[in-house]
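This report refers to the structure that appears directly beneath it.
The values are calculated or read from the model by the stated rules, or taken from the named source; none is laboratory data. A quick note: this is a predicted structure, and the numbers were derived from the prediction, not measured. Virtual Cβ from ideal backbone geometry, glycine too; neighbours counted across all protein chains shown. When the accessible area is computed, the model is the full protein with side chains, heavy atoms only, and any ligands, DNA or RNA have been set aside. Shrake-Rupley method; radii C 1.70, N 1.55, O 1.52, S 1.80 Å.
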Amino acid sequence: MLYQIYEAQRSLIEPFAEMAEAASKMFGNSHSTMGLGPMAQRVAAAYSLFYRLAKDYEKPEFGIRKVDVDGVEVAIDERIEMDKPFCSLVRFKRFSDDPATLAKLKGQPPVLVVAPLSGHYATLLRDTVRTMLEGHKVYVTDWKNARMVPMTDGEFHLDDYVNYVQDFIRYLQGKYGNCHVISVCQPTVPVLAAVSLMASRGEKTPITMTMMGGPIDARKSPTAVNDLAVQRSFEWFENNVIYRVPPNYPGAGRRVYPGFLQHAGFVAMNPDRHANSHYDYFRDLIKGDESSAETHRQFYDEYNAVLDMDADYYLETIKTVFQDFNLVHGTWDVRSPAGNLERVRPQDITTTALLTVEGELDDISGAGQTRAAHALCQQIERREGDHLEVKGAGHYGIFSGRRWRTVVYPQVKAFIADFHAKAAQEHAVPTPARVANARAEAADHAAERVQLSIDPVEGPPEDSALAATPRKAPMRHASANGAARPATKRATTNGAAKAQRPAAKTAAVKAPAPSRKKAGASAAGAAE
C-alpha cells in the first residue's frame, strides 16, 4: 500500500515541479520583465531548488562519447553485448582511425566491471568507466530496475546474481581468452563466490580480481549499514521494506525493495550533509556561480536516481552477507542454473591474483571488510602492495573523483598490466599477433583441403584428420625460433553465426585464401 501512496503523491506533485522549473527560468532571465525585479535572483533560486527536490529522477545515461588515449581522441560506442532479464552486459567499444592507436587499443586487457546492485544504477560508476577506457577494453554490468521486469521473467535471487557474473566472465574468456574483474562495493561478495565456484569446478578463472570497498567480512569495523542489518531481524526487513510494484509498471505485482525507500535511507545516514549541500546550491544560484551549481546538479542527478531491487535478492543478501556471514564461515551454498547446490570455497582459487582497495573514511564498508578477502583466498600468493588504503577517501572517493583518478587507478592499472603480461607470456591470453597468426593458419588449412569442404564455423568433418587435432590447449607447438604458435581453434558460435553456416561453407570452398585474409584485416580496421 505504501508504494501506491508514494506513486499518488509523486503524480500529484509532478505538475507543481514543472511549474517551479518554468518560474525559475522566467525569474532567472534578465531580459524578461520578471527577471528585472530586485528579488528576482533569489526567487529564481528558490524555485530551482524546489524543482530539484520535487522532480522525478530517471535513470541517467553514461554519456561517454569519447576519451583521450595517450593524446589521441578515441570515439566510444556504447552497446549491449548480452541481455538477461535483470541485467545487461554493456560494452564501451572504442574506435580510432589512427593505426598506431588502434594497434595499442587491441592489445589492452579486457576488464569486466561489476557494478553494485544496491539502489543506484550502474551509471554511478561513470567516472570509473571513463578512466578505465584510457587503458582497457571495458564491459559493465548494467542492472535493471526490478519494477520494469515483467513477472513472466521470474524471480531474481542472490544465486542468480552469482550465476550472471559467471556467464559474463565466460563470455569475455570466450572472446579474448581471459579477462580481469573489478567489483565495486556490494558485488565483491558475489564476485568472489562466482570465481570460487569456477575454481572449484576446474574452470578457467580471471587473471585478476580487484575488490573495492565491499563487505567481504561485515563483522569488521561495523558501520551504520552493518548495525541496522544486525539489529533488525530477517522478518522485520520482510515485513517493513518489501512492497509490490503498482499496476502502472511492467513489473506490476513483483515484490521489491522500492527505490524511494532506499533513497530515504541514504539521506537519513547524513541528513546534515545533504541539507548543507542544497543550501549551498541555493547560495550559488544567487551569486551566479553556475559552475558550482552545475556540479551539484550532476551529483544529485545520479544520487537521486534509484531503482527497485527484487525482494528475494535483497532479503537473501541481508541474511547471507550481513546476518549469517556465510562467506567467511564457509557455509554458503549457491544453486547453479542446473539446480545443484555448490559450496563456495575461496580457498580453491589458485590462478587469480587479488587486489583489495579500501577508503580510510569509508562509512559504508568499514576498514578491514574488503581486505578480509585475502585471508579467505588462502592459495593466492600474497605480495607487497596487494592491499591499498586510500588516505582521506570516503566510500565514493575510491572509485570516483580526484583520488580515484590520481591514486587508485594508477595502481589498479599497474596491477592488471603486470599479471596480464605474465599471462600473455604463458600463452594464456591471445595477443593481436597470435590472433592474426591463428586466422592465417586456419585460412591456409582451408585452402589446402578444399576437397573436405571445411566449414570455418563448425570446423572440419568429424571423421577427417583435422577433426582429431587436439583443441583444448591454447598453444600447440613452437616454431623454429622458439616462439609459440597458436593452435587452430573452433570459433565460438552464436545465433547469427549458426544462421550463416551454409553461406560460410560455400565461401570456404570457392574463395581463395588471400582474399579472405584481406577481408579479415579490413573488417577490424577502425575498432579495437
**Request:** Could you compute the FRET efficiency for Arg335 and Asn29, with r as their C-beta to C-beta distance and R0 at 60 Å, rounded to 0.05?
**Result:** 0.50
**Accessible area (Å², per residue) of region 278-357, counting only protein heavy atoms and a probe of 1.4 Å** = 44 Å²
**Message:** What are the ³J(HN,Hα) couplings of region 133-141, residue after residue, when phi is run through the Karplus curve with 6.51, -1.76, 1.60 and θ = phi - 60°? Round to Hz, x for glycine and proline.
**Reply:** 5, 5, x, 8, 7, 10, 10, 10, 7
**Message:** So if I take the centroid of the Cα atoms in region 298-342 and the same for region 27-46, what is the distance between those two points in Å?
**Reply:** 49 Å
**Ile5 paired with Arg382, simple spin-label distance in nm, labels 7 Å along Cα-to-beta-carbon** = 5.3 nm
**Request:** Mind listing the long-range amide H neighbours of Val69? Cut-off is under 5 Å, sequence gap 5 or more, other chains count too, H placed in the peptide plane at 1.01 Å from N.
**Result:** Val74
**Request:** Kindly flag which residue pairs out of Lys93/Lys413; Lys55/Lys319; Lys84/Lys319; Lys59/Lys93; Lys93/Lys319; Lys59/Lys391 have an alpha-carbon separation exceeding 27 Å in this structure.
**Result:** Lys55/Lys319; Lys93/Lys319; Lys59/Lys391
**Request:** Scan around Val113 for amide H atoms under 5 Å from its own, H built in the peptide plane at 1.01 Å from N, and keep only partners 5 or more places away or cross-chain.
**Result:** Tyr139, Val140, Thr141, Ile182
**Asked** Pulled fully out, how much extra length does the chain show between Lys319 and Glu235, if you take 0.36 nm times their separation in residues and subtract their Cα-Cα distance?
**Response** 29.2 nm
**Fill in**
Looks like region 1-45, by Cα gyration tensor root eigenvalues a ≥ b ≥ c and the a/c under 1.5 rounded cutoff (else prolate when a/b is bigger than b/c, oblate otherwise), is prolate
**Prompt:** Phe234: accessible area at probe 1.4 Å, nearest 10 Å²?
**Reply:** 50 Å²
**Message:** Spelling out what I want: for every residue of region 267-276, take phi, set θ = phi - 60°, compute 6.51 cos²θ - 1.76 cosθ + 1.60 (Karplus), and round to whole Hz; glycine and proline get x.
**Reply:** 5, 5, 5, 9, x, 5, 4, 6, 5, 5
**Message:** Can you give the local net charge around Leu36? Use residues other than it whose beta-carbon is closer than 15 angstrom to its beta-carbon, Lys and Arg +1, Asp and Glu -1.
**Reply:** +2
**Prompt:** If we count every other residue with Cβ under 10 angstrom of Ala305's Cβ, Lys/Arg +1 and Asp/Glu -1, where does the sum land?
**Reply:** -3
**Asked** Can you run phi through the Karplus equation (6.51, -1.76, 1.60; θ = phi - 60°) for region 156-162 and list ³J(HN,Hα) in whole Hz, with x for Gly and Pro?
**Response** 10, 10, 4, 4, 5, 4, 4
**Item:** Amide hydrogen neighbours beyond the local backbone of Glu81, cut-off 5 Å, H modeled
**Value:** Leu89, Val90, Arg91
